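Chemist: Mind looking over this structure? Questions follow.
The values are calculated or read from the model by the stated rules, or taken from the named source; none is laboratory data. What you are looking at is a predicted structure, and each value in this text was computed from that prediction instead of being measured. Positions of Cβ are backbone-derived with ideal geometry, glycine not excepted, and every protein chain shown enters the neighbour counts. Please note that ligands, DNA and RNA were not included when accessible areas were found on the heavy atoms of the full protein model with its side chains. Shrake-Rupley method; radii C 1.70, N 1.55, O 1.52, S 1.80 Å.
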Amino acid sequence: MIKKVLVANRGEIAVRVMRSCREMGLKSVAIYSEVDRKAMHVRYADEAYCVGPATSAESYLNIEKILKVAKESKADAIHPGYGFLSENALFAKKVAEAGIIFIGPSINAINTMGDKLTARQLMIESGVPVVPGTKENIDDEDKLRYIASEIGYPIMLKASAGGGGKGMRLVRAEKDLVNSYNMAKSEARSAFGDDAVYIEKYIESPHHIEFQIMADTHGNYVHLFERECSVQRRHQKVVEETPSPLMTPELRERMGEQAIAAAKSVDYVGAGTVEFLVDNDLNFYFLEMNTRLQVEHPITERVTGIDLVKTQINVANGLPLSFKQEDLRQNGHAIECRIYAEDHTNNFMPCPGVVKNISEPLGLGIRTDGYVYEGYEIPYHYDPMISKLISWAPTRHEAIERMKRALYEYKITGIKTSIPFVSRIMQADDFVEGNYDTHFIENNMDFLMDEEGDCNDYCEDIALFIAYLDYTEKLQKAADKTNVATPNQSAWKEYARRKNILRL
Ligand code: MV4
């Protein structure tokens, strides 16, 4: 049985994983880079070891160093989190060879799903629907032209080694085909060292809907329903929710069944996610399978009541799943907003820096998974996501209202964050009506950009407001003495809240 877990990650997910370890009575080991000495995951863990300089390649991706720490600390398992080494089959192999448990699927499952063309072929064999297109690498121009016209424009060229939007090209007409093909190929060659490219029919305005899968080593498979992830910007998810506003009970059953079939085709073990594109006629197509825990897993945890990290660890211990498909229910509605340290008014530039004040929302139905604290300096070397805000309520409408309430309470100064941007998403008609697809952000950009700004832009107002508070305090004292009514501050307070000057 696992007693000590090395978490090969940083940031919120490292803390998230260690939280479950603590609840299970397991010791946790942190690894950190030279700029992460003061990071939250280092403070939270029972032990922490520096694995190298700030650059990911020299620290969080340094397989040999991480294995050395695992042996030194006598960790019996490694949790990779997401990103970094989480979908690296070589890492999983070396962990196993060192006699340590890799908390994740088999090397074969990682390899098969990591190669999109291989995954696509396997899905076709397994009867899982894929987007109409080719089964093979397109390696000459005549074949390319012939197949593209057979499928019919618009088409999409995709790099087999890609995924998550990397190495993709949309081609609307034959005149652009060869040029786009050559660009896709050379891009794939330099990015992945593998220039295999295949063709798919282009699906206009699809939804991105994914299914959470869990499997044990005894051949039990369940799905934990869907997550709607269509609110994305440049293949970066911004808001996720479950259930999907698009879903019907019949579609859910069919998609869940196919998600399990996809997982079974690689003898999947542990937590995984099967991504689908869903078109406007509710046809669905397998896109890819992510062989890791995902950023957005908390919304699934919230509606199903299942701790996915705890389940991963139990599965890694060889225990059978403690629940069956028929035990699982979607209770209420959960939404996640990703909070990035970035400035959407400046082309979404990352904004690393020192967090001056942070006051996180609390109260019924709210969860935050974060890692920054007052005085913490966010390094520029890693992902700018600093926290995830999750709301839950019995209905979607209430979950949105609760999210708006929590975003109103969420105060971070010193850095720019995406709090104002996601607040606008919660107010956009198309979002509120559940009437959105993967083009939501670009289609609503004017509305989403139009917001009040934050305190950094209102220094003069702050000075004025402080003077005003001072003044009202004097009035209040005078009022107390003479027993008259308190002066009305509400208009000022409302203004200050909107400008992010006043905390509450
Ligand atoms: C597509 C598509 C339309 N048709 N494939 C983007 C991420 C990668 N996993 C696959 N992606 C897409 N593949 C076909 N045949 C549209 C997208 C796509 C998209 C998918 C999911 C979420 C957001 C997206 C944004 C733009 C394009």
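Chemist: Can you pull out every residue in segment 427-446 that is open to solvent by less than 70 Å² (accessible area, probe 1.4 Å) and more than 27 Å from PHE284 (Cβ to Cβ)?
Modeler: MET445
Chemist: Within segment 161-175, take every residue that is within 15 Å of TYR202 (Cα to Cα) and near the ligand (Cβ under 8 Å from one of its atoms) and give me the one that is modelled with the highest pLDDT.
Modeler: Result: LEU170.
Chemist: A further question on this structure: Return the only residue of GLU47, GLU136 being over 21 Å from ARG19 (Cβ atoms), charged (D, E, K, R) and open to solvent by 40 Å² or more (accessible area, probe 1.4 Å).
Modeler: It is GLU136.
Chemist: Out of GLY365, GLY375, which single residue is over 21 Å from ILE299 (Cα atoms), open to solvent by 10 Å² or more (accessible area, probe 1.4 Å) and free of Cβ contacts under 8 Å to residues at least 40 places away in the same chain?
Modeler: Matching residue, one of GLY365, GLY375: GLY375.
Chemist: Under the condition of being more than 16 Å from the ligand (Cβ to nearest atom) and part of a strand (DSSP E or B), which residue from segment 249-306 is farthest from ARG338 (Cα to Cα)?
Modeler: GLY270
Chemist: Considering only residues that are near the ligand (Cβ under 10 Å from one of its atoms) and among the charged types (D, E, K, R), look in segment 196-225 and name the one that is surrounded by the fewest Cβ atoms within 10 Å (Cβ to Cβ).
Modeler: Going through the qualifying residues, I end up with GLU204.
Chemist: Mind checking which residues of segment 36-84 are of a type in the set (Asp, Glu) and out of contact with any Ser or Thr (no Cβ under 9 Å at 6 or more places or on another chain)?
Modeler: Across segment 36-84, the qualifying residues are GLU64, GLU72, ASP76.
Chemist: Also, quick follow-up: Output the number of residues of segment 122-160 satisfying the condition of being under 24 Å from LEU282 (Cα atoms) and more than 16 Å from the ligand (Cβ to nearest atom).
Modeler: Selection size over segment 122-160: 4.
Chemist: Sticking with this structure for a sec: Can you tell me which residue in segment 228-242 is farthest from the ligand (Cβ to nearest atom), limited to those that are buried (at least 20 other Cβ atoms within 10 Å of the Cβ) and over 11 Å from the mean Cα position of the chain (by Cα)?
Modeler: THR242
Chemist: Go through (1) open to solvent by 40 Å² or more (accessible area, probe 1.4 Å); (2) within 16 Å of the ligand (Cβ to nearest atom) for GLY193 and report which single condition fails.
Modeler: If we test GLY193 against (1) open to solvent by 40 Å² or more (accessible area, probe 1.4 Å); (2) within 16 Å of the ligand (Cβ to nearest atom), just (2) comes out false.
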